[in-house]
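Novice: Just passing along the structure, written as structure tokens.
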Amino acid sequence: MKGTGFLSFDYLKKNDDKWIYMPALRKTRRIVSSENAKSFMGSEFSYADMSTPAVEDFDYKFLTEQKVDGHDCYVLEIIPKNKTIANENGFSKKISYIDKRIFVVRKATYYNLAGEKEKEMTVSAIAEVDTKNHKYRFKEMTMINLKNKRKSVLNNNVIKFTPSISDSYFTTRTLEQGK
């Protein structure tokens, strides 16, 4: 997976644009919305897991409060508003455990389209990436398939916020150059 690049443009009112660059094939491929629920590079993560979902596409219900690895969390039930959204995201329901202090998901349980528990995501390392505005991002995230027991770990080794980058930087050509 070294050298693999992923570019995503998240939109509020239309489907997101996503591309993946795979250096072994020397090719950039566009990911269409019907592929969102598919495996990201053969891992337990999906393409939908790599993007920020549109908040208005889901219904939210507060369930309780619970500790996750010593962190106080809000527990929310998240349900897609319709079948199209459920199919695009690959789940019928998600239970998310959101850190009460920093508002980052610490754990999430995904239920497949048949309503069965299928995957569990945990975040084991979080970094404060903007101390002025108190912004946090995951450093390590694990997804476990509860059916076949396969596990994938996503490491975010370098996190940089550079607000002065030009929009012209975010292209498939830049993606292919490994920048």
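Novice: Considering only residues that are within 13 Å of the chain's Cα centre (by Cα) and free of Cβ contacts under 8 Å to residues at least 60 places away in the same chain, look in the stretch 44-73 and name the one that is farthest from Glu140 (Cα to Cα).
Specialist: Ranking the candidates gives Ala54 first.
Novice: Hey, among the residues in the stretch 1-52 that are β-branched (Val, Ile, Thr) and closer than 13 Å to Glu176 by Cα, which one's surrounded by the most Cβ atoms within 10 Å (Cβ to Cβ)?
Specialist: Of everything passing the filter in the stretch 1-52, Ile20 is surrounded by the most Cβ atoms within 10 Å (Cβ to Cβ).
Matching residues to (1) farther than 24 Å from Ser92 by Cβ; (2) without any contact (Cβ under 8 Å) to a residue 40 or more places away in the chain:
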| site | (1), (2) |
| --- | --- |
| Gly3 | yes, no |
| Phe6 | yes, no |
| Asp10 | no, no |
| Lys14 | no, yes |
| Lys18 | no, yes |
| Met22 | yes, yes |
| Ser33 | no, no |
| Gly42 | no, yes |
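Novice: Take the residues of the stretch 142-157 that are without any contact (Cβ under 8 Å) to a residue 24 or more places away in the chain and in a strand (DSSP E or B): which is surrounded by the fewest Cβ atoms within 10 Å (Cβ to Cβ)?
Specialist: Asn155
Novice: In the stretch 129-140, is there at least one residue being touching a Lys or Arg at 6+ places or on another chain (Cβ under 9 Å), under 23 Å from Leu76 (Cβ atoms) and outside any helix (DSSP H, G or I)?
Specialist: Looking through the stretch 129-140, none of the residues is touching a Lys or Arg at 6+ places or on another chain (Cβ under 9 Å), under 23 Å from Leu76 (Cβ atoms) and outside any helix (DSSP H, G or I).
Novice: Follow-up question, since we're still on this one. Testing Arg101 on (1) in contact (Cβ under 8 Å) with a residue 24 or more places away in the chain; (2) under 26 Å from Arg30 (Cα atoms), one condition comes back false. Which one is that?
Specialist: With respect to (1) in contact (Cβ under 8 Å) with a residue 24 or more places away in the chain; (2) under 26 Å from Arg30 (Cα atoms), Arg101 is out only on (2).
Novice: Looking only at residues that are touching a strand residue (DSSP E or B) at 6+ places or on another chain (Cβ under 7 Å) and of a type in the set (Ser, Thr, Tyr) in the stretch 1-21, which one is modelled with the highest pLDDT?
Specialist: Among residues in the stretch 1-21 that are touching a strand residue (DSSP E or B) at 6+ places or on another chain (Cβ under 7 Å) and of a type in the set (Ser, Thr, Tyr), the one modelled with the highest pLDDT is Tyr21.
Novice: Here's something else I'd like to know. Identify all residues within the stretch 79-107 that are at pLDDT 95 or above, surrounded by fewer than 19 Cβ atoms within 10 Å (Cβ to Cβ) and among the polar types (S, T, N, Q); write none if there are none.
Specialist: Residues satisfying the conditions are Asn82, Ser92.
Novice: A further question follows. How many residues does the stretch 56-78 contain that are surrounded by fewer than 16 Cβ atoms within 10 Å (Cβ to Cβ), hydrophobic (A, V, I, L, M, F, W, C) and more than 18 Å from Ile102 (Cα to Cα)?
Specialist: 1
Novice: So, one more: If a residue has to be at pLDDT 95 or above and not hydrophobic (A, V, I, L, M, F, W, C) to count, how many in the stretch 44-68 make the cut?
Specialist: Total satisfying the criteria: 7.
Novice: Next up: Given the conditions (1) under 23 Å from Ile126 (Cβ atoms); (2) modelled with pLDDT under 95; (3) not β-branched (Val, Ile, Thr), and given that Ala24 satisfies all but one, which numbered condition is not satisfied?
Specialist: Evaluating Ala24 over (1) under 23 Å from Ile126 (Cβ atoms); (2) modelled with pLDDT under 95; (3) not β-branched (Val, Ile, Thr) leaves (1) as the failure.
Novice: Here's something else I'd like to know. Report those strands (runs of 3 or more DSSP E) wholly inside the stretch 23-117 carrying at least 3 residues which are among the aromatic types (Phe, Trp, Tyr).
Specialist: 58-68
The values are calculated or read from the model by the stated rules, or taken from the named source; none is laboratory data. It should be emphasised that the depicted structure is a prediction, and the values quoted were computed from it without experimental measurement. For neighbour counting, all protein chains shown are included, and Cβ atoms are generated from backbone atoms with ideal geometry for every residue, glycine included.
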